[in-house]
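Taking it in order: structure first as structure tokens, then the write-up.
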Amino acid sequence: MKNDQLTRCTQILKKRAVEVIDLKCIDLTGRLHHISLPVRPGILERLIDEGVGFDGSGYGFRKVENSDMVLIPDLSTAVMDPFRQASTLSFFANIFLTDNGRTPFSQDGRMIARRAEQVLKETQEIDISAAISQLDQMAQPAVQAASTAAMPEQKPAAPSPEEAKAVPTEQKKEDEDISEEDDYIIVTTAMDDFGRMQKKLEELEIVAENARLQRIPKDYKVLGVEETKKVMKALDTFEEDDDVQNVYHNLEIPDELLDEMEE
């Protein structure tokens with residue numbers, strides 16, 4: 001599995017002419033930290049084998065006298081950063097100590113999340129990974145272009161749905177979508193095409209009121225009654241947690257299943 005992920009990431013480096021690799025980690029207060037490295041031959045292999053050292057005291061992890069730590073990328077989290085000017089491949093990374101055993105850091109936010117998931121499995125018999133395994137991991141940006149009624153007069157009016165279809169380039173991709181909601185036209189496109197979409201909107205002098213990244217599943221999963229109840233219980237647990245900002249899932253509950261659950 002690791003070799004397959006390494007091959008995939010190496011192909012991305014070549015295909016997208018990646019200039020920078022960015023490693024991200026999170027502290028216990030929810031702040032995101034990162035280290036950026038220029039791409040060099042064999043850099044992924046070295047990062048997997050050796051990681052990259054950093055001073056954990058700067059992140060509030062440990063005291064200065066014992067703060068040497070290592071970041072090792074999780075290759076499964078590879079995604080192109082749509083906001084950097086230089087072509088950048090971004091990873092979430094796991095934090096390790098520099099001892100001989102390369103011990104995982106117990107206060108790594110991702111480590112804590114994995115432990116929390118294990119507790120849910122053991123105490124509530126909830127297998128989150130199995131129940132939501134179909135969720136697409138590729139975050140996609142949703143670009144909202146305000147209509148005339150929602151925009152100042154000096155700004156050009158947003159296009160009609162017919163005109164908006166000209167926003168993507170000549171050949172519309174399968175993962176692009178244009179829809180209307182209230183007084184807005186919503187354009188959804190793959191994350192890799194985020195920059196292209198922004199450029200086209202600028203060319204058409206369309207001012208987007210909001211642009212954000214969100215996880216959109218490619219397909220939805222229908223489970224049995226008991227499995228659905230377990231997943232919904234897990235989702236409620238996450239949504240009630242003040243430290244959780246957003247919860248995404250691909251669970252579909254048809255009306256007949258909902259009626260069966262209410263019986």
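No lab work stands behind these numbers, since they all come straight from the coordinates. Everything quoted here is computed from the prediction, not taken from an experiment. Heads up, the Cβs are rebuilt from the backbone with ideal geometry, glycines too, and the neighbour counts pull from every protein chain shown.
Structure above, values below:
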item	result
Within the stretch 1-118: Cβ-based charge dipole about Cα centre, in debye rounded to nearest 20 (Lys, Arg +1; Asp, Glu -1)	340
Pair Ile186, Thr123: separation of 7 Å Cα→Cβ label points (nm)	3.5
Cα principal axis extents for the stretch 25-78, largest first, Å	34, 24, 17
When each of Lys24/Lys200; Lys2/Lys24; Lys121/Lys233; Lys121/Lys229; Lys121/Lys230 is checked by Cα-Cα distance, pairs over 22 Å	Lys24/Lys200
FRET efficiency, Arg84 to Glu202 (Cβ-Cβ, R0 25 Å, nearest 0.05)	0.90
Extension reserve of the Ala113-Asp27 stretch, reckoned as 0.36 nm per residue once the Cα distance is removed	29.8 nm
Efficiency of FRET between Phe238 and Leu258 - r from beta-carbon atoms, R0 22 angstrom, step 0.05	0.60
Cβ crowding within 10 Å averaged over residues, with 219-225, 15-21 ranked highest first	15-21, 219-225
Local net charge near Gly224, Cβ-Cβ under 13 Å (Lys/Arg +1, Asp/Glu -1)	-2
